[in-house]
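Everything below concerns the one structure shown next.
Where a number appears in this text, it was derived from the coordinates with a stated rule and is not lab data. Please read these numbers as outputs of a predicted model, since none were measured by experiment. Cβ sites come from the backbone with ideal geometry, for glycine too, and all protein chains shown count toward neighbours.
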Amino acid sequence: MSCPFCELKPEDTVLIDGDLCYFMDTADPVLVGSGMILPKPHRETVFDLTEAEWTESQSMLKQAKAMLDEKYHPDGYNVGWNVDPVGGQSIPHSHLHIIPRFDDEPLAGKGIRNHLKQPENRRPGQ
């Protein structure tokens, strides 16, 4: 099975290049400035990262924030991993989302836990 993240051409998308990971822009026209940190080796989920990949991901997260702060001046951030299809992961290659948020967005203040607060998302029998 091929992995679209393993087949990326880094020179086209990479904003920060590390030894083990890279930060890329998702080029999302709705969530401008959004990006992802990905390990260079294929790792299906965050739970598969090596200790060195974790360490470099943290360092790269700080670098990416500084870059995004300077370029976009966001009012906040969402940062997180989706794991497996039920958790929202559509490509089985670990990627840490970094999403700048702005106070003038229609959904400002709706964090990554928003779905946890919705009664209609309660599991049957709970």
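Quick notes on this structure:
- Looking across the stretch 64-83 at every residue that is within 14 Å of the chain's Cα centre (by Cα) and not in a strand (DSSP E or B), the one that is farthest from residue 16 (Cα to Cα) is identified as 83.
- In the set (1) of a type in the set (A, V, I, L, M, F, W, C); (2) in contact (Cβ under 8 Å) with a residue 40 or more places away in the chain; (3) part of a loop (DSSP other than H, G, I, E, B); (4) touching a strand residue (DSSP E or B) at 6+ places or on another chain (Cβ under 8 Å), the condition left unmet by residue 16 is number (3).
- Checked across the stretch 34-42, the condition of being of a type in the set (A, V, I, L, M), part of a helix (DSSP H, G or I), under 21 Å from residue 9 (Cβ atoms) and within 13 Å of the chain's Cα centre (by Cα) holds for no residue.
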